[in-house]
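Chemist: The following block contains the structure, expressed as structure tokens.
The values are calculated or read from the model by the stated rules, or taken from the named source; none is laboratory data. The shown structure was predicted, so the numbers you read here are calculated from the model rather than taken from an experiment. Cβ placement follows ideal geometry from the backbone for every residue including glycine, while neighbour counts extend to all protein chains displayed.
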Amino acid sequence: MKRVLYFDASAGVSGDMFVGALLDVGASFEGVREHLGCLGIEGFEVRARKVSRRGLVGTKFDVLDPESGHSVDALTEGGHTHEHGHDHHDDLRGGGHTHGEEHGTRHAARAHEHRGLREIRGLIGRSSLPRPVAEDALAVFDLLAWAEARVHGVPPDEIHFHEVGALDSIVDIVSAASAFHQLGAEAAWASPIHVGSGTVRCAHGVLPVPAPATLELLKGIPAYSSETQGELATPTGVALLRHFCRGFRPMPPLVVEAVGYGAGTKDFGIPNLFRVTMGRVAEKAMPVQAAQAG
């Protein structure tokens, strides 16, 4: 039986939540840190810690602000960024959404870094990252640039990443690729994506949820809204699912091996957790007595 991952985006998805879920299900934090070291850049720290969200426990992955030592999420307006503070939309153009990637606002407390797609390709291409990790990270950035280019009517190579191009967002995406490959899954699927509702404020004004770039990335993907107010699905989170998943469907029959939860920051009235189930495809029905509690 082949090992697969199934992502549950019923509470949305963001870059840091994606990483947190993979760490929670078994990927090595030290392995992620080793791969981040391959980038050959300094000025950041990462942290993974257990947190509770409305009674359920998950892993919160944080990129730490180099000046204060605090999570960039905590430095954003209202503390909601969640990468998902869910509530932060990435501005790839450099307009400066108040949420920083992923959780836009999260970069508000420090100077923003502007990087073009060519610069990001060069940074990752020159790194000593394992080829599969580098290729996946670059593919996610290409998706983000494509979506933003569609929204703003310019070629992808002219997109200047602001929020998503900032160092902590590069860290999120490379960490996600690293953690995914560590788990050795042969395939991945995901549920339909809960996008939230209402509006989100950014440098361009007040935008509807899902934000324009997110909606571009959702083309061909089942998504839904509810009365939950806020930006539950961010561009980076959706781009990661779009890249790694074969499709979006109910969970296939699996022999479950492990379950992980990636935590966001903001309280939306629901457990702010992105869930991943790791298991092996059930080739045939298993008798009840064969199932062993782990």
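Chemist: Any idea which of GLU231, GLU257 is surrounded by 17 or more Cβ atoms within 10 Å (Cβ to Cβ) and in contact (Cβ under 8 Å) with a residue 12 or more places away in the chain?
Modeler: Values: GLU257 fails: surrounded by 17 or more Cβ atoms within 10 Å (Cβ to Cβ).
Residue meeting the stated conditions: GLU231.
Chemist: Scanning segment 1-31 for residues that are surrounded by 19 or more Cβ atoms within 10 Å (Cβ to Cβ) and out of contact with any strand residue (DSSP E or B) (no Cβ under 7 Å at 6 or more places or on another chain), which turns out farthest from GLY269 (Cα to Cα)?
Modeler: For segment 1-31, the residue satisfying everything is ALA27.
Chemist: Within segment 1-10, which residues are out of contact with any Lys or Arg (no Cβ under 8 Å at 6 or more places or on another chain) and hydrophobic (A, V, I, L, M, F, W, C)?
Modeler: Across segment 1-10, the qualifying residues are LEU5, ALA9.
Chemist: Quick one: in segment 155-201, of everything that is of a type outside the set (A, V, I, L, M, F, W, C), modelled with pLDDT under 95 and in a strand (DSSP E or B), which residue is nearest to the chain's Cα centre (by Cα)?
Modeler: GLY196
Chemist: Ok, one more. Inside segment 1-40, can you point out the residues that are over 30 Å from GLU227 (Cβ atoms) and touching a helix residue (DSSP H, G or I) at 6+ places or on another chain (Cβ under 7 Å)? Give the derivation first.
Modeler: From segment 1-40, those over 30 Å from GLU227 (Cβ atoms) are 1-4, 23, 26-40; that's our starting set.
Once the filter is applied, which keeps residues that are over 30 Å from GLU227 (Cβ atoms) and touching a helix residue (DSSP H, G or I) at 6+ places or on another chain (Cβ under 7 Å), segment 1-40 yields LEU23, ALA27, SER28, PHE29, GLY31, VAL32, HIS35, LEU36, LEU39.
Chemist: Taking segment 118-133 only, how many residues are under 13 Å from ALA177 (Cβ atoms) and either of a type in the set (A, V, I, L, M, F, W, C) or in a helix (DSSP H, G or I) (or both)? Spell out the reasoning first.
Modeler: As a first pass, look at segment 118-133 and keep what is under 13 Å from ALA177 (Cβ atoms): 124, 127, 129-133.
Within this subset, residues satisfying the condition of being either of a type in the set (A, V, I, L, M, F, W, C) or in a helix (DSSP H, G or I) (or both) are 124, 129, 131-133.
Residues that pass the stated criteria total 5.
Chemist: Of everything in segment 225-254, what is farther than 20 Å from ALA145 by Cβ, of a type outside the set (Lys, Arg) and part of a loop (DSSP other than H, G, I, E, B)? Give them in sequence order.
Modeler: SER225, SER226, GLU227, THR228, LEU232, PRO250, MET251, PRO252, PRO253
Chemist: Would you pick out the residues in segment 19-53 that are assigned to a helix (DSSP H, G or I), of a type in the set (D, E, K, R) and more than 16 Å from the chain's Cα centre (by Cα)?
Modeler: Keep residues of segment 19-53 that are assigned to a helix (DSSP H, G or I), which gives 19-25, 29-37.
Those still in the list that are of a type in the set (D, E, K, R) too: 24, 30, 33-34.
Answer for segment 19-53, where residues must be assigned to a helix (DSSP H, G or I), of a type in the set (D, E, K, R) and more than 16 Å from the chain's Cα centre (by Cα): GLU30, ARG33, GLU34.
Chemist: Then there's this: Scan segment 256-268 for residues that are more than 17 Å from VAL72 (Cα to Cα) and at pLDDT 95 or above and report the count.
Modeler: 6
Chemist: Also: Starting from segment 133-149, take each residue that is under 15 Å from GLY122 (Cα atoms) and list its partners that are surrounded by fewer than 24 Cβ atoms within 10 Å (Cβ to Cβ) and among the small types (Gly, Ala, Ser), counting only C-beta distances under 8 angstrom and pairs at least six apart or across chains.
Modeler: ALA134/GLY125; ALA134/SER127; LEU138/GLY125
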